[in-house]
Every structure is written in structure tokens, then in C-alpha cells.
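First comes the structure, then the notes that go with it.
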Amino acid sequence: MTSALVPIGVVAEKLGVTTACIRQWAVSGRIVGAYKLNGVWRFDWAKVDRWYKAQEREPTVWGSIKGAASGGSGSSGRARKSDGHLERLLGIKP
């Protein structure tokens with residue numbers, strides 16, 4: 001059974017990206033199921049859906065929560081002393 005071809009706007013809405021993004025993916029060959037018919041992009045939704053689900057990954061945890069809370073790698077953990085410029089701009093006495 002052949003799935004219906006859907007327009008670029010439907011694909012963009014379902015994937016939560018812009019039509020420009022989908023068009024760029026189609027032109028570069030990154031997205032599967034893309035066909036240009038009479039100058040108009042159409043997409044085989046079943047193929048696009050399978051491709052998109054295969055792209056999903058578990059988030060990668062970098063470092064530790066403790067390291068992030070302290071300012072991360074390379075941070076001294078100390079706030080920089082202001083020369084009062086920001087305070088003057090905001091009308092706050094330093």
C-alpha cells in the first residue's frame with residue numbers, strides 16, 4: 001500500500017520546524033521520502049515519520065549537576081567585581 005504524499009507545510013508542522021528547514025533538508029537529501037513534482041515538494045509521510053523517529057536520541061549528560069551549579073569547568077565560581085558601569089546605566093547606586 002502506498003502512503004499519500006503530503007505538502008511541505010504539513011511535514012514542517014508535524015516535525016515542529018519551518019518550511020525553509022524542510023526545504024533545505026529535501027534539497028540536500030537529508031530527509032527521506034521527498035519528491036519534487038512539477039516544482040513542488042511533496043513528501044511520503046510514512047517514510048518521513050520513520051526517518052524522523054530514527055533520528056531521535058536519548059539526551060547526553062555532560063558533566064555533573066554539581067559542576068554545572070558551581071559554574072562548570074574552568075569557572076572560578078566567583079562573581080566578577082563590577083566597575084559600576086552597569087549600575088550607572090540602570091540608575092542604581094553602586
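A short reminder: the numbers here are calculations on the coordinates, not readings from a lab. As the structure is a prediction and not an experimental result, all values here were calculated from the model. As a convention, Cβ positions derive from the backbone with ideal geometry for all residues, glycine included, and neighbour counts pool all protein chains shown.
The table below gives the values:
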read-out	value
Local electrostatic count, Ala34, Cβ distance below 11 Å [Lys/Arg +1, Asp/Glu -1]	+4
Ranked Ile22, Ile31, Ile8, criterion: other C-beta atoms within 10 Å, fewest first	Ile8, Ile31, Ile22
Semi-axis lengths, Å, segment 5-55, gyration tensor of Cα atoms, sqrt of 5 times eigenvalues	15, 11, 11
